[in-house]
1. Please give the calculated 222 nm ellipticity per residue for the chain, where each DSSP H segment of at least 4 residues contributes -39500 (n - 2.57) and the sum is spread over every residue; nearest 500 deg cm²/dmol?
2. With all distinct Cα pairs included, what does the Kirkwood hydrodynamic radius of the chain come out to in Å, to one decimal, could you say?
3. Relative to the longest principal Cα axis of the chain, at what angle does helix 10-28 sit, 0 to 90 degrees, rounded to 10?
4. Using the 10 angstrom Cβ neighbour count as an exposure proxy, how do S36, S29 rank, fewest first?
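What follows draws every value from the coordinates through simple rules; no lab data is involved. What you see is a predicted model, and the numbers here were worked out from it, not measured in a lab. Methodologically, a virtual Cβ is constructed for each residue, glycine included, from the backbone with ideal geometry; neighbour enumeration extends over all protein chains shown.
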Amino acid sequence: MFNLFRRKTKIEVLNKKYQRLLNEAYKLSTINRKASDQKTAEANLILTKIELLKADQRG
């Protein structure tokens, strides 16, 4: 119940966006391969940002 008003961290927001882009890429893979590859590339950029943020948190 207390998590209802908790703000999401940058990593949580980026992770949700990453998952959404991968899901879109999967759906597009049977229809339009070029668009699917573009979504996958965007997802990979977000994954890189997530890894950098995690590395900064570790110290």
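1. Numbers: 2 runs with 45 residues, N = 59.
About -26500 deg cm²/dmol.
2. Kirkwood radius, the chain: 12.7 Å.
3. 20
4. On the way: S36 17, S29 14.
Fewest-to-most ranking of S36, S29: S29, S36.
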